[in-house]
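Remarks on the structure that follows.
The values are calculated or read from the model by the stated rules, or taken from the named source; none is laboratory data. Because the structure is predicted, anything quoted here is derived from the model rather than measured. Note that we place each Cβ from the backbone using ideal geometry, even for glycine, and neighbour counts take in every protein chain shown. Each accessible area value is taken on the protein alone, full model and side chains, heavy atoms only, with ligands, DNA and RNA left out. Shrake-Rupley method; radii C 1.70, N 1.55, O 1.52, S 1.80 Å.
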Protein chains: 2
Amino acid sequence: MANYKLTLRYDGAAYHGWQRQKNCITVQQVVERALKKVAKERITVTGCSRTDAGVHAKKFVCNFQSEMTVPCRKMPLAMNRMLPYDVNVTGCEIVDDDFHAQFDTKWKRYVYIVDNGEYKNPFTAKYAYYYPYKLNLTAMRTAASYIVGTHDFAAFMASGSNLKGHTVRTVFSLNVKRRANEVIFTIEADGYLYNMVRIIVGTLLDVGTGKTDRHSLPDIISSADRKRTGFTAAARGLYLTEVEY
Amino acid sequence: MANYKLTLRYDGAAYHGWQRQKNCITVQQVVERALKKVAKERITVTGCSRTDAGVHAKKFVCNFQSEMTVPCRKMPLAMNRMLPYDVNVTGCEIVDDDFHAQFDTKWKRYVYIVDNGEYKNPFTAKYAYYYPYKLNLTAMRTAASYIVGTHDFAAFMASGSNLKGHTVRTVFSLNVKRRANEVIFTIEADGYLYNMVRIIVGTLLDVGTGKTDRHSLPDIISSADRKRTGFTAAARGLYLTEVEY
């Protein structure tokens, strides 16, 4: 019995997120289905993160225990033959028995893409959030600088989440840049509360349009009040791009 | 009655090309359907090109005659409200009565994207042609240089096309570059034979793998023999990106 670490990427547009659910299709499900065919045994995989419906991953890590005989170097091609076009394995290795894809993450990087063009780009309709309003990037960057650091991020957690007293996270960096008609957010943190990235993006967009004052961020953070932060930006603009152990 | 020039862009993945057809959905059809609602009259549009099923356009021009009262500056938003997410109007202007979107083109630019990564990128499954073989770009560029110029391109026309004696075209430029895992072809010409870009790409890929000698291109061109050129690269990698009048 060995512990395998599988690296993959997926276009999440057609999936109800990573985590297995009843009555709807998830990425975990299609990965386990392919794995069953390749490994010739029923396998449950553990993902590094529960991505929401419509969220994408340019790098996603999961692990599983198996007695399969397929060598690691053959796994990507063997798996990709069984997987749909929008999910794709890029690597496989045997790791320590105690490696856990979810609990052992040191940090993760997310990218969020906003289509800030005058007209909605048909090529990114499922891959970016269309927001055609004029944005003050300098103000957004100042606001972002207040988010970097170790804070109680309760104000940036979807209401209804049940994590009281465990809402402190460390954001290592939060960058905002423009590339042609897109505004791109890149965030690195040791962990994320439910919807945290999407609420940060919504809050920074409110700063960009002037609805929220850039210097009110420290106050908003310390309020721990979800009603003080901005809207939850759409899932389709969000990408998990790096997971470090 | 005025002559309108409409600029649009579309993700062609879901369409059987531009040109109206029976029993399958085309871009022309959805544009005309939206136009009927916006202009309150039945309108036939003339496209700058017949793109094939699955081909994309980052810029596409069409024209139509109409007595509508909608001002040009309101057309993009009015049309986009009626159009599906994968087709999108970016501009509208009144032009000379004799402007014809197809016959008046001076040149057009096409881009072709090859996914040359080890594993198929799930994000470009419908937007690039997956070809994971090692490519010699220097050889491909040399071969490309022979294609630039005024030639009889009969060898680069889908067999069965009926254009005998009218197969001379001028290719102004043909560039091949690598960007991360993608190989990108950019071609500008005064006109194109049926499948010409896709056959040029297939031929250059054969040069890239060594199947075809880079210096055999002048010979292949002058043979005017479709059997001497390479395969027709898949439609999904092809983008019309510029049309000049």
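Per-structure values
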| quantity | calculated |
| --- | --- |
| Within the range B:184-215, considering residues that are open to solvent by less than 40 Å² (accessible area, probe 1.4 Å) and without any contact (Cβ under 8 Å) to a residue 60 or more places away in the chain, the one farthest from B:Pro122 (Cα to Cα) | B:Leu193 |
| Scope the range B:76-91; condition within 13 Å of B:Val38 (Cβ to Cβ), surrounded by 15 or more Cβ atoms within 10 Å (Cβ to Cβ) and within 11 Å of another protein chain (Cβ to nearest Cβ); matching residues | B:Pro76, B:Met79, B:Asn80, B:Leu83, B:Val89 |
| The range A:1-12, residues that are among the hydrophobic types (A, V, I, L, M, F, W, C) and either in contact with a helix residue (DSSP H, G or I) (Cβ under 6 Å, 6 or more places away or on another chain) or crowded, with 17+ Cβ neighbours inside 10 Å (or both) | A:Leu6, A:Leu8 |
| Filter result for the condition that a residue is open to solvent by 30 Å² or more (accessible area, probe 1.4 Å), more than 14 Å from every other protein chain (Cβ to nearest Cβ) and closer than 26 Å to A:Tyr10 by Cβ, over B:Tyr133, B:Tyr119 | B:Tyr133 |
| Residue within the range B:50-57 that is in contact (Cβ under 8 Å) with a residue 60 or more places away in the chain, open to solvent by 20 Å² or more (accessible area, probe 1.4 Å), away from chain A (no Cβ under 12 Å) and on the phi < 0 side of the Ramachandran plot present | yes |
| Filter result for the condition that a residue is in contact (Cβ under 8 Å) with a residue 24 or more places away in the chain and within 14 Å of chain A (Cβ to nearest Cβ), over B:Asn175, B:Asn181 | B:Asn181 |
| B:Tyr15 vs. criteria over 24 Å from B:Tyr245 (Cα atoms), of a type in the set (Phe, Trp, Tyr) and open to solvent by 20 Å² or more (accessible area, probe 1.4 Å) | no |
| Exclusive hit being among the aliphatic types (A, V, I, L, M) and either surrounded by fewer than 18 Cβ atoms within 10 Å (Cβ to Cβ) or more than 14 Å from chain A (Cβ to nearest Cβ) (or both), set B:Val38, B:Val31 | B:Val38 |
| Residues being of a type in the set (D, E, K, R) and over 11 Å from B:Ser66 (Cβ atoms) - total across the range B:27-52 | 5 |
| Unique match (being among the acidic types (Asp, Glu) and under 26 Å from B:Ile187 (Cβ atoms)) among B:Asp97, B:Asp104 | B:Asp104 |
| The lone exception for A:Leu77 - which of (1) part of a helix (DSSP H, G or I); (2) over 21 Å from A:Arg198 (Cβ atoms); (3) hydrophobic (A, V, I, L, M, F, W, C); (4) touching a helix residue (DSSP H, G or I) at 6+ places or on another chain (Cβ under 8 Å) it fails | (4) |
| Test: residue in the range A:156-179 that is open to solvent by less than 70 Å² (accessible area, probe 1.4 Å) and assigned to a helix (DSSP H, G or I) | yes |
| Qualifying residue in the range A:219-233 (condition: part of a loop (DSSP other than H, G, I, E, B), open to solvent by 60 Å² or more (accessible area, probe 1.4 Å) and more than 20 Å from A:Cys48 (Cβ to Cβ)) | yes |
| Failed item in (1) among the hydroxyl-bearing types (Ser, Thr, Tyr); (2) surrounded by 15 or more Cβ atoms within 10 Å (Cβ to Cβ); (3) over 21 Å from the mean Cα position of the chain (by Cα); (4) more than 13 Å from chain B (Cβ to nearest Cβ), with A:Thr46 passing the rest | (3) |
| Given (1) away from chain B (no Cβ under 11 Å); (2) under 21 Å from the mean Cα position of the chain (by Cα); (3) not aliphatic (A, V, I, L, M), number of the condition A:Asp96 does not satisfy | (2) |
| Matching residues in the range B:136-148 - criterion: being of a type outside the set (Val, Ile, Thr) and open to solvent by 50 Å² or more (accessible area, probe 1.4 Å) | B:Asn136, B:Arg141, B:Ser145, B:Tyr146 |
| Evaluation of A:Glu67 against (1) over 24 Å from A:Trp107 (Cα atoms); (2) open to solvent by less than 30 Å² (accessible area, probe 1.4 Å); (3) away from every other protein chain (no Cβ under 14 Å) (one fails), failing number | (2) |
